Structures are given as structure tokens and as C-alpha cells.
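Engineer: Sharing a structure below in C-alpha cells format, with a few things to ask.
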Amino acid sequence: MSWCCVVNCSDVCRCWVVMDGESQFLTQKKQPTMARISQQLEIDEQGQAVVILTAPNMPELKLTSHFSDTIEKTEVKVYRMIGTGIDCGSEASEWFSTYLNIPGCRVYYMPNYCQSRRLATDSKYGHVAQQEDEVSFADFAPYLLTSEASLTDLNSRLDKPLSIRNFRPNIVVRGPDAYEEDSWGKFTIGAAVFRKLKECGRCILTTLDPDTGEKLGEEPLKTLRR
């Protein structure tokens with residue numbers, strides 16, 4: 001299920017994107033070795049978030065979230081929505097270009113003073129959004145929710161069970177019956193209120209090993225289509 005948050009409750013979640021030399025964004029769908037990039041979030045001495053990336057045969061890369069609000073901003077298009085981001089510099093560019101073997105990669109970060117991508121402008125799914133709904137560099141919605149019971153039910157119909165990581169949610173709930181979350185219109189976590197946008201169609205990423213990016217087979221898509 002795809003959701004948006006009615007209040008601003010995230011500062012760095014899904015705020016970075018990697019683009020190739022043709023300004024096309026890169027994901028594991030076409031670059032499965034991106035699964036082998038590990039991330040760690042730290043807070044520096046100034047209280048700013050720093051993402052530390054590691055990958056096989058690559059040096060450590062640190063991506064800071066601290067930039068001057070006067071720095072030049074670049075238009076960045078992910079799927080059908082455009083926002084702005086800050087170029088993270090030559091070190092990040094060279095790191096991804098080397099690891100992915102794709103010349104000209106650039107990495108962009110979207111702090112809160114950049115222009116967010118407005119969901120209502122999406123030509124395919126914009127009709128489910130309200131005018132104020134925004135997202136950084138996630139595909140569409142900033143939050144993806146599922147439940148432990150839904151995964152348990154699906155795994156009961158598979159020969160080989162899958163991890164919740166195959167579905168890449170950033171919110172997992174415990175307690176509701178399987179697929180009960182499909183009927184929710186809103187829910188809250190503390191002061192944060194989440195509103196349902198749409199159900200999330202599952203893609204080829206669910207069939208990849210989340211640690212290596214290797215294809216595991218046709219499941220769970222084969223079962224989910226039934």
C-alpha cells in the first residue's frame with residue numbers, strides 16, 4: 001500500500017538519487033548490483049545526517065545532507081515528476097560510475113529547501129493525490145506499508161518463503177489480519193497521520209535476492225497474479 005504523511009515527518013528518507021550520463025535515474029530494476037551497496041546512517045558533529053555507502057571492492061563513500069541553501073539546484077526527473085536536487089560532487093559521481101561501470105553518473109540530494117516532486121502532477125497516478133502531496137525521490141509515494149500477517153499468508157502459498165525485504169516497505173505493522181491494511185484509509189503513528197494513496201503494484205524487484213540482486217525465480221509475482 002502506498003501512503004503519504006499529512007505532516008512533514010521525514011528529513012532524509014529517499015532523498016538521494018543516482019542518475020546516468022543521460023539524466024536517467026538508476027534503480028535495481030536495470031542495475032541489480034545496486035543491491036550490494038550497503039548503507040549506514042550517522043549523525044555528524046553538527047547534527048547533520050551522513051549516509052555511509054560501502055560496496056564490494058569499493059572504498060567507503062560518505063554522502064552529507066549539509067549544504068548551503070544558496071547552492072545551485074538542478075532539475076531532476078524521476079518517472080513523470082520533476083523536482084530539484086543538489087549535486088553531491090565529483091567523489092560521489094566517480095564512485096557510482098566506477099562501481100556500476102556507467103560513465104557520467106551523478107548523485108543528487110533533495111533537502112527541504114529544494115522543490116519537491118508534486119504527486120498531483122504525475123500523469124499516471126496524480127488523480128489519487130491532493131494538491132499539497134509531495135515526495136522526494138521515491139518512485140511515487142514516500143511510504144510503503146505492509147503487514148507481517150500478509151507476508152505470512154503469502155509465504156504459506158510459496159515453495160520457498162520470502163523475506164519482508166523483498167517487498168521493500170518502510171512501514172511494517174504487526175497485529176492486523178492478513179491484507180486488512182488494504183481497507184485502511186488513514187492511520188497514525190504518534191503525531192504523524194498517514195493517508196492512503198493507492199495499492200502498490202509489485203514489480204520484478206520482489207523476485208531478486210535483496211542482498212545480491214540475483215534473480216530468484218518467478219515468485220512471488222506468479223502467485224500474486226492468481
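The values are calculated or read from the model by the stated rules, or taken from the named source; none is laboratory data. Every value quoted in this text rests on a predicted model; they were computed, and no experiment measured them. Here the Cβ positions follow ideal geometry from the backbone for every residue, glycine too, while neighbour counts run over all protein chains shown. We work out accessible area using only protein heavy atoms, side chains counted, and drop any ligands, DNA or RNA first. Shrake-Rupley method; radii C 1.70, N 1.55, O 1.52, S 1.80 Å.
Engineer: For the range 17-44, name all the residues that are open to solvent by 60 Å² or more (accessible area, probe 1.4 Å) and more than 24 Å from HIS66 (Cα to Cα).
Structural biologist: GLU22, GLN24, LYS29, LYS30, THR33, ARG36
Engineer: Only one residue in LYS196, LYS215 is touching a helix residue (DSSP H, G or I) at 6+ places or on another chain (Cβ under 7 Å), closer than 26 Å to VAL78 by Cβ and of a type outside the set (A, V, I, L, M), so which one is that? Step through it out loud before you land on a result.
Structural biologist: Working: LYS196 fails: touching a helix residue (DSSP H, G or I) at 6+ places or on another chain (Cβ under 7 Å).
Result of the check over LYS196, LYS215: LYS215.
Engineer: For the range 22-41, which positions are of a type in the set (A, V, I, L, M, F, W, C), under 13 Å from ILE102 (Cβ atoms) and not in a loop (DSSP other than H, G, I, E, B)?
Structural biologist: Our first condition is that a residue be of a type in the set (A, V, I, L, M, F, W, C); within the range 22-41, this holds for 25-26, 34-35, 37, 41.
Filter again for under 13 Å from ILE102 (Cβ atoms), leaving 25-26, 34.
Once the filter is applied, which keeps residues that are of a type in the set (A, V, I, L, M, F, W, C), under 13 Å from ILE102 (Cβ atoms) and not in a loop (DSSP other than H, G, I, E, B), the range 22-41 yields PHE25, MET34.
Engineer: Residue check, ILE71 against (1) at pLDDT below 95; (2) under 19 Å from the mean Cα position of the chain (by Cα); (3) among the aliphatic types (A, V, I, L, M), all met but one. Which one?
Structural biologist: (2)
Engineer: Could you tell me how many of the residues in the range 65-87 are open to solvent by less than 30 Å² (accessible area, probe 1.4 Å) and either outside any strand (DSSP E or B) or among the polar types (S, T, N, Q) (or both)? Give the derivation first.
Structural biologist: Here is the first cut: in the range 65-87, the ones open to solvent by less than 30 Å² (accessible area, probe 1.4 Å) are 65, 76, 78, 81, 83-86.
Checking the rest, the ones that are also either outside any strand (DSSP E or B) or among the polar types (S, T, N, Q) (or both) come to 65, 84.
Total satisfying the criteria: 2.
Engineer: Out of the residues in the range 196-208 that are in contact with a strand residue (DSSP E or B) (Cβ under 8 Å, 6 or more places away or on another chain) and crowded, with 16+ Cβ neighbours inside 10 Å, which is nearest to GLU219 (Cα to Cα)?
Structural biologist: THR207
Engineer: Continuing with the same structure: Given the criterion of a type in the set (Gly, Ala, Ser) and over 17 Å from CYS13 (Cβ atoms), identify the matching residue among SER136, SER97.
Structural biologist: Values: SER136 fails: over 17 Å from CYS13 (Cβ atoms).
When all the criteria are applied, what remains is SER97.
Engineer: Right, something else. Could you run through the range 43-64 and say how many residues are closer than 22 Å to ASP211 by Cα and assigned to a loop (DSSP other than H, G, I, E, B)?
Structural biologist: Total satisfying the criteria: 6.
Engineer: Output the residues belonging to the range 107-122 that are farther than 21 Å from GLN48 by Cβ and surrounded by 21 or more Cβ atoms within 10 Å (Cβ to Cβ).
Structural biologist: Answer for the range 107-122, where residues must be farther than 21 Å from GLN48 by Cβ and surrounded by 21 or more Cβ atoms within 10 Å (Cβ to Cβ): ARG117, LEU119.
Engineer: For the range 152-166, does any single residue satisfy the condition of being within 30 Å of ARG80 (Cα to Cα), among the charged types (D, E, K, R) and loosely packed, with under 14 Cβ neighbours inside 10 Å?
Structural biologist: Scanning the range 152-166 turns up at least one residue that is within 30 Å of ARG80 (Cα to Cα), among the charged types (D, E, K, R) and loosely packed, with under 14 Cβ neighbours inside 10 Å.
Engineer: May I pose another question? Quick one: count up the residues across the range 178-212 that are touching an Asp or Glu at 6+ places or on another chain (Cβ under 9 Å) and either of a type in the set (Ser, Thr, Tyr) or more than 16 Å from ALA141 (Cβ to Cβ) (or both).
Structural biologist: 5
Engineer: From the residues in the range 123-141 that are buried (at least 18 other Cβ atoms within 10 Å of the Cβ) and among the hydroxyl-bearing types (Ser, Thr, Tyr), which one is farthest from VAL18 (Cα to Cα)?
Structural biologist: TYR125
Engineer: Ok, one more. Among the candidates THR188, THR146, single out the residue that is open to solvent by less than 70 Å² (accessible area, probe 1.4 Å) and polar (S, T, N, Q).
Structural biologist: Numbers: THR188 fails: open to solvent by less than 70 Å² (accessible area, probe 1.4 Å).
Every option except THR146 fails the conditions.
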